[in-house]
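Participant: This is the structure I have questions about; it appears just below.
The values are calculated or read from the model by the stated rules, or taken from the named source; none is laboratory data. Here the structure is a predicted model, which is why all the values come from computation and not from measurement. Cβ sites come from the backbone with ideal geometry, for glycine too, and all protein chains shown count toward neighbours. Quick note on the areas: whole protein, heavy atoms, side chains included, nothing else; ligands and nucleic acids left out. Shrake-Rupley method; radii C 1.70, N 1.55, O 1.52, S 1.80 Å.
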There are 2 protein chains.
Amino acid sequence: MLRVSKLTDYATVILTHIAHQPDELHAASDITQATGVALPTVSKVLKFLSKANILTSHRGSKGGYALANKPNETNVAEVITAIEGPIGMTECTTSEGTCEQESSCEIKGNWNLINRAVYTALEAVTLADMVAPVRQQAVNVVMPRTKETNELKVES
Amino acid sequence: MLRVSKLTDYATVILTHIAHQPDELHAASDITQATGVALPTVSKVLKFLSKANILTSHRGSKGGYALANKPNETNVAEVITAIEGPIGMTECTTSEGTCEQESSCEIKGNWNLINRAVYTALEAVTLADMVAPVRQQAVNVVMPRTKETNELKVES
DNA sequence: CTTATATAGGACTATTTTAGTACTATATAA
DNA sequence: TTATATAGTACTAAAATAGTCCTATATAAG
């Protein structure tokens with residue numbers, strides 16, 4: 001499937017809601033009402049986002065959460081990482097030494113390449129994009145190749 | 001984490017091995033020896049790949065598996081789909097009607113956008129790339145935006 | 001025709017991950 | 001001082017994944 005967890009999905013819904021009024025404090029209970037996501041779940045997601053400095057939190061009466069940065073300064077890759085941990089398509093990407101074949105693995109480098117491509121795609125979409133209505137039908141993602149050998153292009 | 005399953009990882013290892021000798025038949029037992037992946041697991045992966053027409057199979061004595069197409073004609077997106085089913089970052093992408101919030105969801109369209117970006121990145125990497133040694137340090141993935149509004153760019 | 005070999009398909013179990021909940025502690029405004 | 005809201009942690013239930021096994025079928029070779 002290659003999908004994000006439900007919590008990450010909720011996170012985008014919640015963040016999109018908050019981004020509509022970026023200057024107000026939003027309590028967990030308010031967000032539950034607005035989004036339809038159960039309170040304990042909303043609470044859990046908000047804690048993750050706060051810990052990752054995507055949201056700022058204010059305790060006590062009249063407290064709540066607000067965006068730590070402008071909507072266009074938080075991207076989807078950050079949100080996924082906040083909820084699920086580091087993005088990596090294979091085990092060896094996020095935790096070295098757990099794969100028995102690691103030493104003899106020929107394709108680890110290529111997975112890193114794929115990781116970076118996916119990460120870049122996710123990084124390019126911000127909360128500001130999520131708030132905006134969808135107007136586009138396609139996204140043009142280019143994996144450049146050298147003309148001579150048709151290999152994936154080098155770039156440092 | 002956003003990762004592919006272990007079986008998918010095995011699939012790329014196995015396919016890379018086969019792609020080294022694209023004209024020979026490879027039995028499951030041979031692949032076990034070459035890759036170090038347990039036989040029942042190898043067998044399972046090969047069946048998935050065969051069913052998805054990424055590999056052709058030949059039964060009986062001296063049988064085995066071979067690539068159905070040239071290495072540069074099979075990409076990573078196909079491999080992931082063969083093992084895990086359709087690629088979709090959220091539930092609503094692959095199976096409509098299972099999300100209670102679907103009717104009022106504002107960001108579904110944006111997830112589709114992200115999906116397409118990720119899919120395109122995965123589609124751009126083929127078995128031929130996996131066989132080749134890694135020479136590149138980065139991949140340049142571009143999500144184009146309009147100059148005027150800085151919105152993600154329209155393209156049909 | 002028989003046998004050895006290899007894939008096809010399905011069922012099953014154990015493990016791991018994820019989702020969801022609950023409880024206690026702490027901070028703050030009124 | 002009290003009501004309110006987040007912080008942190010631990011726990012339980014559900015779902016997805018990994019891995020194994022068994023039976024059926026096809027094919028090459030003797």
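Participant: Treating the point 7 Å from Cα along Cα-beta-carbon as the label, what are the nm separations from A:ARG59 to the other copies, to one decimal?
Facilitator: List, nearest first: 6.9 nm.
Participant: For the ranges B:81-89, A:32-40, what's the packing order if you count other beta-carbon atoms within 10 Å of each residue, average per peptide, and put the highest first?
Facilitator: Highest to lowest by the protection proxy: B:81-89, A:32-40.
Participant: How charged is the neighbourhood of B:ARG3? Take every other residue with its Cβ under 10 Å from the Cβ of B:ARG3, and add Lys/Arg as +1 and Asp/Glu as -1.
Facilitator: -2
Participant: Follow-up question, since we're still on this one. Any idea of the accessible area per residue across the stretch A:6-131, 1.4 Å probe, to the nearest Å²?
Facilitator: With all protein chains present, the stretch A:6-131 gives 48 Å² per residue.
Participant: Can you compute the FRET efficiency between B:ALA27 and B:LYS47 using 1/(1 + (r/R0)^6), with r the Cβ-Cβ distance and R0 = 22 Å? Round to the nearest 0.05.
Facilitator: Computed FRET efficiency for B:ALA27 and B:LYS47: 0.95.
Participant: Taking the label point 7 Å from Cα in the Cβ direction, how far apart in nm is B:THR94 from each other copy of itself, listed shortest first?
Facilitator: Relative to the other copies, B:THR94 has label-point distances of 1.7 nm.
Participant: Next question, about the same structure. Return the sequence-ordered ³J(HN,Hα) values of the stretch B:104-120 in whole Hz as given by the Karplus equation 6.51 cos²θ - 1.76 cosθ + 1.60 applied to θ = phi - 60°, using x for Gly and Pro.
Facilitator: Residue by residue, the stretch B:104-120 yields 9, 6, 8, 10, 3, x, 6, 5, 4, 4, 5, 3, 5, 5, 5, 4, 5 Hz.
Participant: Using the alpha-carbon centroid of each, what span in Å lies between the stretch B:100-133 and the stretch A:9-86?
Facilitator: Their Cα centres are 24 Å away from one another.
Participant: Let me ask you something else. Any idea what the relative contact order of the stretch B:1-101 is, in percent, if you count C-alpha pairs under 8 Å spaced at least 6 apart?
Facilitator: So the answer I get is 28 percent.
Participant: Let me ask another. Considering only protein heavy atoms and a 1.4 Å probe, what is the carbon-and-sulfur percentage of the accessible area of the stretch B:34-126?
Facilitator: Here it works out to 47 percent.
Participant: Of the cross-linked pairs B:LYS6/B:LYS47; A:LYS6/A:LYS47; A:LYS70/A:LYS108; A:LYS51/A:LYS108; A:LYS47/A:LYS70; A:LYS6/A:LYS70, which ones have a Cα-Cα span greater than 26 Å in the structure shown?
Facilitator: Long pairs (Cα-Cα over 26 Å): A:LYS70/A:LYS108; A:LYS51/A:LYS108.
Participant: May I ask for the accessible area buried between chains A and B, both sides summed, probe 1.4 Å, to the nearest 100 Å²?
Facilitator: Answer for the A-B pair: about 6200 Å² buried.
Participant: Using a Gaussian network model of chain B with C-alpha springs under 10 Å, which one of B:VAL79, B:VAL125, B:VAL45 is most mobile by mean-square fluctuation?
Facilitator: Comparing B:VAL79, B:VAL125, B:VAL45 in a Gaussian network model of chain B, the most mobile one is B:VAL125.
Participant: Residues with beta-carbon under 14 Å from that of A:HIS58, excluding A:HIS58: net charge, scoring Lys, Arg +1 and Asp, Glu -1?
Facilitator: Its environment carries a net charge of 0.
Participant: Sorted by packing (mean other beta-carbon atoms within 10 Å per residue), highest first, where do B:61-74, A:101-114 land?
Facilitator: A:101-114, B:61-74
Participant: If you don't mind, there's one more thing I want to ask. Under the Karplus relation 6.51 cos²θ - 1.76 cosθ + 1.60, θ = phi - 60°, what is the ordered set of whole-Hz ³J(HN,Hα) values for the stretch A:8-15, x standing for Gly and Pro?
Facilitator: Each residue's phi maps through the Karplus curve to give 5, 4, 4, 4, 5, 5, 5, 5 Hz.
Participant: Any idea what the A:GLU24 label distances to the other copies are, label 7 Å down the Cα→Cβ vector, nm, shortest first?
Facilitator: 6.8
Participant: Continuing with the same structure: Rounded to two decimals, what is Rg over Rh for the stretch B:1-103 when you use alpha-carbon atoms and the Kirkwood radius?
Facilitator: 1.07
Participant: Report ³J(HN,Hα) in whole Hz for each residue of the stretch A:41-54, in order, from the Karplus equation J = 6.51 cos²θ - 1.76 cosθ + 1.60 where θ = phi - 60°; Gly and Pro get x.
Facilitator: After applying 6.51 cos²θ - 1.76 cosθ + 1.60, I find 5, 4, 4, 4, 5, 4, 5, 4, 5, 5, 5, 8, 6, 8 Hz.
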